[in-house]
Amino acid sequence: MKKIISLILFTGLAACVYAQNPFIRDQFTADPTARVFEGKVYVYPSHDIPSPVPHLKEWFCMADYHVFSSENLTDWTDHGVIVSQENVPWVNPEGYSLWAPDCIERNGKYYFYFPAPVKDTLIGRGMMTGVAIADKPYGPFIPQPEPIKGTFGIDPCSLIDKDGQAYIYWAGFGGLLGAKLKDNMTELDGNPVAVEGLPAPDQGMKEGPFVFERNGKYYFTFPWVKNNTTELLAYAMGDSPLGPFEMKGEIMDESPTGCWTNHHSIIEYKGQWYLFYHHNDLSPKFDKNRSIRIDSLFFNPDGTIQKVMPTLRGVGITDARKEIQIDRYSRLGSTGVKIDFIDTANTFAGWKTIMSEDGAYVQYNRVDFGNNVPKTVTVKTSSSMGAKLQIRTGGQNGTIIAEVNIPKNVQWAETSYSLSNIPTGIQDLFISQAGAGDAEIDWIKFQ
Ligand code: FUB
């Protein structure tokens, strides 16, 4: 019966094309744990929803998990629901608290660890870690009938060391904890230990551990309310999976706009390291409906981590022939240009770039024109006065590839213009306003 329910849940498969941050834009997502499986990146996030129950209206609310995958970090596939609160025997089916998960592969099986509130009648109140097991990274996942004994708390994260020993970490009573897992990956092997070397409890709340190994060093990374404001991302390093660790610094500053949580994971993929994290891009007024992001991460020669500055451009290369959302810019002219939602009542409709001054500009990096040269650029715009835009490659003083005379038209319209110079290969685009007027731009694309 359990298997049948899981198979029924395992239905959706939707292709999304989102090149930039946030990279999932048709639903709220948070707490992204990224893993490299079968040559692709799989991301296992929490799935925030506006609460259907009154007592969680102002709090986190999650009823299920999706998994997403990508080969190029630009085109993401939503594999649909993999676990939901109604299909786990020990979980309160009305708890709406499926918090930050993780997934790890061992001997061809995929172990999805997730924290959830136990049914009152079974074990009592509180969150514990459950496991669901699959033969593929995208499921179908079969939830185990009981949570892992001894794992009261939230935010599980797993690690398999080079010698094959598996570990699990979580945020529990007494701080951030770690324990060995038995070979079956579903039971603790011994008592959990409090991880040593981290800031003391009276130095601010910590949660969301993510542990990885690089060049023989173990990195214990975690969100931390260091300055009594919102969570920043910090890390410690050590010589063994359970520590002790030594604090090294910060990976990302607090949110500039007050999103209280951050939660992250770090992977290496095709020779580049990446930080996956979240912010509340699609819900700026309510920070419990979050959205997941990616930016590149770099190490110093001594193994310490360089701080990551959050970007809207994110990672990956954008195909010139697809809609280029220039509002996810690499650089923005300081005056006469701003970004806003297309529809504040439906933020999932995305953003627009608003230009209103001679010299206003936006730069959007890493656009692939390939070798099959385009002849036109199409822009989706609206304008109350009309405006002239210039599109360049090679920066502010680079080559003009198109001049676009936006007609006065307050309705959104798509207009195509011939290219005066034909770009090839990967280019950074520079789009600027020339002269007076105004223009709102949804996207541009080349054909
Ligand atoms: O998503 C719910 C909770 O918020 C997570 O478990 C924490 O890490 C924080 O991101």
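The values are calculated or read from the model by the stated rules, or taken from the named source; none is laboratory data. Everything quoted here is computed from the prediction, not taken from an experiment. Neighbour counts run over all protein chains shown; Cβ positions are idealised from the backbone, glycine included. SASA here: full protein model, heavy atoms, side chains in, ligands and nucleic acids out. Shrake-Rupley method; radii C 1.70, N 1.55, O 1.52, S 1.80 Å.
Is it true that some residue in segment 31-41 is more than 20 Å from Val83 (Cβ to Cβ), modelled with pLDDT of 95 or more, more than 10 Å from the ligand (Cβ to nearest atom) and small (Gly, Ala, Ser)? Within segment 31-41, one or more residues are more than 20 Å from Val83 (Cβ to Cβ), modelled with pLDDT of 95 or more, more than 10 Å from the ligand (Cβ to nearest atom) and small (Gly, Ala, Ser). Looking at segment 298-310, I want the residues that are free of Cβ contacts under 8 Å to residues at least 60 places away in the same chain and have a partner that is surrounded by fewer than 10 Cβ atoms within 10 Å (Cβ to Cβ) with Cβ atoms under 9 Å, at least 6 apart or on another chain. Which pairs are those? Once the first residue is free of Cβ contacts under 8 Å to residues at least 60 places away in the same chain and sits in segment 298-310, its partners that are surrounded by fewer than 10 Cβ atoms within 10 Å (Cβ to Cβ) give Gln306/Asn300. Could you tell me which of the residues Ser416, Ser420, Ser334, Ser383 is buried (at least 17 other Cβ atoms within 10 Å of the Cβ), over 24 Å from the mean Cα position of the chain (by Cα) and polar (S, T, N, Q)? Just one listed residue meets the conditions, Ser383. Look at (1) surrounded by 16 or more Cβ atoms within 10 Å (Cβ to Cβ); (2) free of Cβ contacts under 8 Å to residues at least 60 places away in the same chain and you find that Asp202 fails only one, number (1). Do we find a residue being in contact with a helix residue (DSSP H, G or I) (Cβ under 7 Å, 6 or more places away or on another chain) and more than 23 Å from Asn280 (Cβ to Cβ) anywhere in segment 198-221? No, there is no match, as no residue in segment 198-221 is in contact with a helix residue (DSSP H, G or I) (Cβ under 7 Å, 6 or more places away or on another chain) and more than 23 Å from Asn280 (Cβ to Cβ).
Going by the conditions given, is Val211 crowded, with 21+ Cβ neighbours inside 10 Å and more than 19 Å from Met127 (Cβ to Cβ)? So Val211 passes the test.
Each row is one residue, and each column tells you yes or no for (1) within 19 Å of Lys288 (Cα to Cα); (2) among the basic types (Lys, Arg); (3) within 16 Å of the ligand (Cβ to nearest atom).
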site: Glu213; (1), (2), (3): no, no, no
site: Thr221; (1), (2), (3): no, no, yes
site: Lys226; (1), (2), (3): no, yes, yes
site: Thr230; (1), (2), (3): yes, no, yes
site: Gly238; (1), (2), (3): no, no, no
site: Pro244; (1), (2), (3): no, no, no
site: Trp260; (1), (2), (3): yes, no, yes
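Being modelled with pLDDT of 95 or more, more than 24 Å from Gly95 (Cα to Cα) and assigned to a loop (DSSP other than H, G, I, E, B) is true for just one of Glu146, Glu196. Which residue is that? Steps first, please.
Numbers: Glu146 fails: more than 24 Å from Gly95 (Cα to Cα).
Only one candidate passes the filter, namely Glu196.
Only residues that are under 23 Å from Asp48 (Cα atoms) and aliphatic (A, V, I, L, M) were counted in segment 219-266, giving 5. Scanning segment 161-181 for residues being modelled with pLDDT under 95, within 16 Å of the ligand (Cβ to nearest atom) and among the small types (Gly, Ala, Ser) gives a total of 2. What are the pairs with Cβ atoms under 9 angstrom where one residue, in segment 213-229, is over 18 Å from Asp163 (Cβ atoms) and the other, located anywhere, is open to solvent by 70 Å² or more (accessible area, probe 1.4 Å) and within 15 Å of the ligand (Cβ to nearest atom)? Sequence gap at least six, or different chains. Taking only residues 6 or more apart or on different chains, the pairs are Pro223/Met205; Trp224/Met205; Val225/Met205; Val225/Trp260; Thr229/Trp260. Restricting attention to segment 143-157 and to residues that are farther than 14 Å from Glu207 by Cβ and of a type in the set (Val, Ile, Thr), the residue that is nearest to the ligand (Cβ to nearest atom) turns out to be Thr151.
Inspection of segment 62-69 identifies at least one residue that is outside any loop (DSSP other than H, G, I, E, B) and open to solvent by 10 Å² or more (accessible area, probe 1.4 Å).
Inspect all residues belonging to segment 369-377 and state whether any of them is basic (Lys, Arg), closer than 23 Å to Gln20 by Cα and in contact (Cβ under 8 Å) with a residue 12 or more places away in the chain. No, that holds for no residue.
In this structure, does Ala436 turn out to be more than 20 Å from Asn371 (Cα to Cα), surrounded by fewer than 20 Cβ atoms within 10 Å (Cβ to Cβ) and among the small types (Gly, Ala, Ser)? So Ala436 fits the description; yes. Looking only at segment 262-299, residues that are among the acidic types (Asp, Glu), more than 16 Å from the ligand (Cβ to nearest atom) and more than 13 Å from Val41 (Cβ to Cβ) come to 1 in all. For the criterion of being assigned to a strand (DSSP E or B), of a type in the set (Val, Ile, Thr) and over 24 Å from Asp287 (Cα atoms), Val41 passes.
Just a yes or no: is a residue in segment 113-128 surrounded by 16 or more Cβ atoms within 10 Å (Cβ to Cβ), touching a Cys at 6+ places or on another chain (Cβ under 8 Å) and in a strand (DSSP E or B)? Taking every residue of segment 113-128 in turn, at least one turns out to be surrounded by 16 or more Cβ atoms within 10 Å (Cβ to Cβ), touching a Cys at 6+ places or on another chain (Cβ under 8 Å) and in a strand (DSSP E or B).
Taking the listed residues Ala63, Ala100, the one that is in contact (Cβ under 8 Å) with a residue 40 or more places away in the chain and within 16 Å of the ligand (Cβ to nearest atom) is Ala100, with no other qualifying. Please determine, by comparing only the residues of segment 149-160 that are surrounded by 19 or more Cβ atoms within 10 Å (Cβ to Cβ) and either modelled with pLDDT under 95 or among the small types (Gly, Ala, Ser) (or both), which one is nearest to the chain's Cα centre (by Cα). Looking at the filtered set, the residue picked out is Ser158.
Answer yes if at least one residue in segment 40-50 is open to solvent by 20 Å² or more (accessible area, probe 1.4 Å) and closer than 17 Å to Val315 by Cβ, and no otherwise. Within segment 40-50, one or more residues are open to solvent by 20 Å² or more (accessible area, probe 1.4 Å) and closer than 17 Å to Val315 by Cβ.
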